[in-house]
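The values are calculated or read from the model by the stated rules, or taken from the named source; none is laboratory data. A quick note: this is a predicted structure, and the numbers were derived from the prediction, not measured. Here Cβ is always computed from backbone atoms with ideal geometry, including for glycine, and neighbour counts include all displayed protein chains.
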Amino acid sequence: MPYQFRGRNFDQFSVGDEFETASRTVTEADVAHFAGLSGDFNPLHTDEEYMKEGPFKGRIAHGMLLASVATGQANQLGIFEGSSIAVLSITLKFTGAVRFGDTVRTLLTCKEKKESSKPDRGTATFEVKMLNQRNETVMESQWVVLLKRAMKA
C-alpha cells in the first residue's frame with residue numbers, strides 16, 4: 001500500500017482551527033549553520049564579545065532562522081503534507097529576541113478561507129505565532145497557503 005499523506009485539504013480546514021507544534025530548543029549550532037547557509041554573519045548572531053555591550057547583552061538567533069523553524073515545526077504537524085500547492089505569502093513581525101538555549105513552539109490558527117477560480121484549489125490564511133519557554137510571543141506571522149481541494153467523485 002502506498003504511503004498516505006497526512007495533510008488536510010482546503011475543505012478540511014475550518015476558520016478557527018488551531019494547531020500547536022512540538023517545542024524545539026534553538027542552539028548555537030543552529031545559528032552557526034544558518035549563518036553559513038545564508039551568509040548572514042552579522043555580529044548580532046556571531047560575536048558574543050561585541051554583543052555583550054549591545055541591547056540584548058549577548059548573541060541572538062536570526063529572525064529568518066526562526067521563520068524557517070516555524071515552517072519546519074508546521075511541517076512536522078503533517079497538516080500541509082501532500083496538500084499544499086504553494087505558500088503565496090508570508091508576513092513577519094519579530095516581537096522578541098531568541099537567545100541560544102531558548103525553546104520555541106509555533107501556534108497556527110486558520111483565520112480565513114477563499115475559494116479559487118480553479119475548482120481543484122483554495123487559499124487559507126493562517127495567523128502564526130512563535131512563543132518561547134516563558135510563553136512570550138517572539139514572532140508574529142501571517143501565511144497564505146494555496147491548498148488542494150478534495151476531489152469530487
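Points to keep in mind about this one:
- Pairs, first among the β-branched types (Val, Ile, Thr) in the range 25-43, second assigned to a helix (DSSP H, G or I) and at pLDDT 95 or above, C-beta under 6 Å, six or more apart: 31/45
Quick grid of which residues meet (1) aliphatic (A, V, I, L, M); (2) surrounded by 15 or more Cβ atoms within 10 Å (Cβ to Cβ):
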| position | (1), (2) |
| --- | --- |
| 88 | yes, no |
| 105 | no, yes |
| 132 | no, yes |
| 139 | yes, yes |
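- The range 11-56, residues that are out of contact with any Phe, Trp or Tyr (no Cβ under 6 Å at 6 or more places or on another chain), among the charged types (D, E, K, R) and farther than 21 Å from residue 76 by Cα: 40, 47, 48, 49, 52, 53
- Unique residue being among the basic types (Lys, Arg), touching a Leu at 6+ places or on another chain (Cβ under 9 Å) and under 21 Å from residue 28 (Cβ atoms) when the list is 134, 99, 105: 105
- All positions within the range 1-28 that are of a type in the set (Val, Ile, Thr) and either touching an Asp or Glu at 6+ places or on another chain (Cβ under 7 Å) or more than 14 Å from residue 129 (Cα to Cα) (or both): 15, 25, 26, 27
- Looking across the range 28-78 at every residue that is of a type in the set (Val, Ile, Thr) and closer than 30 Å to residue 5 by Cα, the one that is surrounded by the fewest Cβ atoms within 10 Å (Cβ to Cβ) is identified as 71.
- Within the range 107-130, restricting attention to residues that are part of a strand (DSSP E or B) and of a type in the set (Ser, Thr, Tyr), the residue that is surrounded by the fewest Cβ atoms within 10 Å (Cβ to Cβ) is 109.
So that you can scan it fast, the table gives a plain yes or no per residue for (1) farther than 24 Å from residue 136 by Cβ; (2) at pLDDT 95 or above; (3) touching a helix residue (DSSP H, G or I) at 6+ places or on another chain (Cβ under 8 Å); (4) aliphatic (A, V, I, L, M):
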{"site": "49", "(1), (2), (3), (4)": "yes, no, no, no"}
{"site": "78", "(1), (2), (3), (4)": "yes, yes, no, no"}
{"site": "91", "(1), (2), (3), (4)": "no, yes, no, no"}
{"site": "96", "(1), (2), (3), (4)": "no, yes, no, no"}
